[in-house]
Structure formats: structure tokens, C-alpha cells
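I have placed the structure first, in the form of C-alpha cells, so that the comments after it can refer back to it.
The values are calculated or read from the model by the stated rules, or taken from the named source; none is laboratory data. Note that the coordinates shown come from a computational prediction; the quantities given were computed from them, not determined experimentally. Cβ sites come from the backbone with ideal geometry, for glycine too, and all protein chains shown count toward neighbours. Ligands, DNA and RNA are stripped out before the accessible areas are found, and what is left, the full protein with its side chains, is counted by its heavy atoms. Shrake-Rupley method; radii C 1.70, N 1.55, O 1.52, S 1.80 Å.
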Amino acid sequence: MTTSAGADTATVSAPGALESKKKKDKRSGGSFGRYALTRFLLIFPTIFILVTVVFFLMRSTGDPITAALGGRLPADQLAQRVHSAGYDRPLVVQYLDYLGGVFTGDFGTTFTDNRPVTEVLGTYGLATAELVFYSLIVALLLGVPLGMAAARFRDRWPDAVLRIFAILSYATPVFFVGLMLKLVFSVQAGLLPASGRASNAGELTMASIQNPTGLYLLDAIRLGNAGLIVDVLTHAILPAIALGLLTGGVFLRLVRTNLIGTLEAPYIESARSRGVSETRLATSHALRPALIPVITVMGMQIAMSLGGAVLTETTFEWKGLGFKLAEYMTARDYVAVQGIVMLMAVIVALVNFIVDIIAALIDPRVRY
């Protein structure tokens with residue numbers, strides 16, 4: 001009788017306790033809207049700090065005109081150009097002037113090809129975004145199923161092979177992987193193109209498109225040209241694999257570790273005791289919780305992919321931001337370098353915000 005009365009009391013008090021918890025969460029700001037707003041507002045100080053750090057690091061080597069044209073112009077002409085551009089003013093004044101330009105969308109003009117930095121970012125940024133998108137597809141296709149397989153065959157030889165593969169994937173330099181892929185599949189086997197985003201004929205077709213998006217695959221689909229779609233995709237395979245392996249190895253290890261931990265959770269043991277198969281446990285019951293850390297880490301991996309894109313684009317002559325960044329750095333065009341680095345930093349901040357929101361939607365425990 002005592003036990004039954006206690007159970008009845010617990011049953012009666014449970015809704016009240018739940019309501020009390022909801023009120024407490026509401027008072028403490030635990031709502032999703034507040035969390036999303038806070039994360040969004042944090043983007044602005046993050047970008048401000050990044051812009052400030054990039055500006056002063058670039059200026060620590062001197063003014064951009066002397067860095068780009070020093071030694072190639074007489075001293076008086078060089079001094080005149082520095083004065084005309086305002087680079088002989090106090091550094092703080094230049095910084096405030098630069099911040100004002102950034103707020104109005106003016107990032108300056110490149111010295112080497114005399115183009116607005118915003119035009120460079122728009123032209124080549126989409127090429128890099130397309131490559132990073134392809135590489136993420138490769139990373140997810142490799143990392144998730146192979147991570148599940150490694151967890152399924154834990155501590156057996158398939159698991160050992162996959163773990164070694166994962167370590168090699170993220171430990172091997174991107175440019176080395178790219179060169180090996182070119183050597184094997186382009187030079188020796190002749191199966192795939194070695195460089196560029198499309199063939200010469202494909203580039204001419206892309207140049208003739210009115211109002212292009214800058215995303216070759218999307219433009220090819222808009223034209224409805226099957227040959228051009230195949231041409232674009234075949235040019236993307238090797239760069240996407242080279243860059244995707246870097247992230248795919250990390251995903252493999254994360255999925256394996258988290259899936260093993262989830263498969264030992266009490267609710268999984270309960271399902272196992274009811275006769276649910278191991279395959280269904282891994283694919284239906286444990287996979288979603290195991291993927292939450294992968295989504296969280298994805299933001300950092302995109303930052304890594306942008307860094308890897310510099311080497312990948314240079315290796316495959318993929319004319320994106322990384323390719324142009326290497327060219328501008330060689331020419332010491334620090335105005336262009338500053339704009340590209342800042343755009344990458346902004347992209348990373350925005351992607352991290354999106355990833356945080358997705359993680360909060362999937363896992364309700366993620367709240368302030």
C-alpha cells in the first residue's frame with residue numbers, strides 16, 4: 001500500500017514538476033530563440049576582432065604599396081604613391097578609414113591587377129565555395145559509413161584498417177595527396193583531368209552564359225547541357241577527393257568513437273535485450289546521437305577546408321580564392337590578401353553560427 005501510494009504521488013506530481021522545469025528554463029533564458037539570438041549577436045564582435053587582427057598583422061610588414069612595388073619604382077615616385085593612397089598617415093587613422101570602408105562594402109583595390117577587392121571576392125569566392133561543397137560531400141560519404149563500419153567491427157581487423165586509413169587521411173599533406181592523385185589518375189591512367197574547373201570548350205561555354213552564377217555545376221544544369229555537366233563534374237573529382245580526405249578522416253574517427261559510446265548506452269542495451277538487430281541498432285537507434293558531435297565539429301572542419309583549399313586550388317589550378325590568394329601573396333599585394341583572408345574569416349564565423357543552430361535543433365540539450 002505504501003509503495004502504491006508513493007507511485008500515485010509521483011504520478012500526480014510529475015506534470016507539476018515538468019511545468020515547474022519549463023518555467024525555470026523560461027526564466028533562465030533557456031529558449032531556442034534566445035540561444036539563436038545570442039549566437040547571432042556574437043558574430044559581430046568575432047568579425048570585428050578578426051578584421052582588427054588581420055589589419056594590424058598586415059600593416060606590421062609596412063604599407064601595401066611599398067610591399068608590392070618597393071624596388072621597382074624610384075624612391076620619389078614610390079613616396080608620392082604612398083602619400084596619394086594615404087598610407088603615410090598614422091596607423092590608427094588608416095585603421096578607422098579601413099573600418100569605414102568595410103562597413104560600406106569597400107575593401108580597397110588590388111595593386112597587381114587594379115580590380116576592386118569585392119569583385120575578386122565575388123568572382124573567385126564562388127569557385128572556392130563550390131570546391132568546399134564537393135569536398136564536404138566526399139568527407140560525409142567516406143566518414144559516416146566507414147565510421148559506422150569501424151564501430152560495428154570494433155577491435156577487429158576492419159576496424160584497425162579503417163583507423164589507419166583515417167589517420168593517413170588527415171595526417172597526409174593536402175598538396176601531396178593532390179599530386180599523387182594527379183600522377184595516378186591523370187598522368188598515368190589518363191582517366192580524369194589534371195587541372196582547371198572545366199575543359200577549354202567548357203570554359204568558352206561558361207563565358208557565353210548571360211548572368212552566370214559563378215557555380216559551374218549550377219550554370220551547366222541551367223543550360224541543360226549534359227556534356228558540360230559531365231565535364232564540370234569530372235574536373236571536380238580529384239580536387240574534391242584531395243580536400244575531402246582531410247575532413248573525411250576526422251569524421252570517420254568521430255563517428256566511430258561516438259557510435260561505440262552510444263551503442264553502450266542503457267536505452268540501446270534495452271533495445272538489444274528486446275531482440276533488435278545490431279545493424280538496426282547502429283543505423284536507426286544510435287546513429288543520430290552519434291552524429292551530433294560531427295555536426296558540431298563540421299564548422300571547424302570547414303575552416304580547415306578553406307585553409308586546405310589554398311593548397312588544393314594551387315595544385316589543381318582551380319581558380320578560386322585560394323589560387324588567387326597564392327598569386328597575390330607572391331606579388332605582395334597585401335590589400336588583396338587582407339580582403340581574401342577577412343572574407344574567409346567571416347565565412348568561418350557564419351558557418352559556425354549555422355552549425356550551432358543545427359546542433360541545437362537536433363539536440364535540445366544544447367541551450368544557454
(message) Among the residues in the range 40-63, are any part of a helix (DSSP H, G or I), surrounded by 13 or more Cβ atoms within 10 Å (Cβ to Cβ) and at pLDDT below 80?
(response) yes
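Each row is one residue, and each column tells you yes or no for (1) surrounded by fewer than 16 Cβ atoms within 10 Å (Cβ to Cβ); (2) β-branched (V, I, T); (3) part of a helix (DSSP H, G or I).
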site: L142; (1), (2), (3): no, no, yes
site: P145; (1), (2), (3): yes, no, yes
site: A166; (1), (2), (3): no, no, yes
site: M180; (1), (2), (3): yes, no, yes
site: S186; (1), (2), (3): no, no, yes
site: G190; (1), (2), (3): yes, no, no
(message) Being touching a helix residue (DSSP H, G or I) at 6+ places or on another chain (Cβ under 6 Å) and either open to solvent by less than 30 Å² (accessible area, probe 1.4 Å) or at pLDDT 90 or above (or both) is the filter here; which residues of the range 147-164 pass it?
(response) G147, A150, A151, D159, L162
(request) Read through the list (1) free of Cβ contacts under 8 Å to residues at least 60 places away in the same chain; (2) assigned to a helix (DSSP H, G or I), then give the number of the only condition that P212 fails. (result) (2)
(message) Condition check: over 16 Å from V132 (Cα atoms) and out of contact with any Pro (no Cβ under 8 Å at 6 or more places or on another chain). Does A345 satisfy that?
(response) no
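Look through the range 243-274, keep the residues that are farther than 14 Å from L291 by Cβ and touching a residue at least 60 places away in the same chain (Cβ under 8 Å), and return whichever of them is most open to solvent (accessible area, probe 1.4 Å). Don't jump to the end; show me each part of the working.
Our first condition is that a residue be farther than 14 Å from L291 by Cβ; within the range 243-274, this holds for 243-249, 264-274.
Filter again for touching a residue at least 60 places away in the same chain (Cβ under 8 Å), leaving 243-249.
Details: L243: 0, G244: 0, L245: 34, L246: 18, T247: 2, G248: 4, G249: 1 Å².
If we take residues in the range 243-274 being farther than 14 Å from L291 by Cβ and touching a residue at least 60 places away in the same chain (Cβ under 8 Å), then L245 is most open to solvent (accessible area, probe 1.4 Å).
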(message) I'd like the full set of residues that are free of Cβ contacts under 8 Å to residues at least 24 places away in the same chain, open to solvent by less than 90 Å² (accessible area, probe 1.4 Å) and not in a loop (DSSP other than H, G, I, E, B), limited to the range 82-91.
(response) V82, A85
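Considering each of T118, T110, T123, T104 in turn, give the residue that is farther than 30 Å from L263 by Cα, of a type in the set (S, T, N, Q), modelled with pLDDT under 85 and open to solvent by less than 60 Å² (accessible area, probe 1.4 Å). Write out each step before concluding.
Numbers: T118 fails: open to solvent by less than 60 Å² (accessible area, probe 1.4 Å); T123 fails: open to solvent by less than 60 Å² (accessible area, probe 1.4 Å); T104 fails: open to solvent by less than 60 Å² (accessible area, probe 1.4 Å).
One residue alone meets the criteria, T110.
Residue check: is A171 more than 30 Å from V355 (Cβ to Cβ), loosely packed, with under 15 Cβ neighbours inside 10 Å and aliphatic (A, V, I, L, M)? Walk me through it before giving the result.
On the way: more than 30 Å from V355 (Cβ to Cβ): no; loosely packed, with under 15 Cβ neighbours inside 10 Å: yes; aliphatic (A, V, I, L, M): yes.
For A171, the condition - more than 30 Å from V355 (Cβ to Cβ), loosely packed, with under 15 Cβ neighbours inside 10 Å and aliphatic (A, V, I, L, M) - is not met.
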(request) Of the numbered conditions (1) open to solvent by less than 50 Å² (accessible area, probe 1.4 Å); (2) among the hydroxyl-bearing types (S, T, Y); (3) modelled with pLDDT under 80, T11 fails exactly one; give the number of that condition. (result) (1)
(message) For the range 310-340, give me each residue that is open to solvent by 20 Å² or more (accessible area, probe 1.4 Å), more than 24 Å from I241 (Cα to Cα) and touching a residue at least 24 places away in the same chain (Cβ under 8 Å).
(response) A331, R332, Y334
(request) Identify all residues within the range 336-365 that are assigned to a helix (DSSP H, G or I) and of a type in the set (D, E); write none if there are none. (result) D356
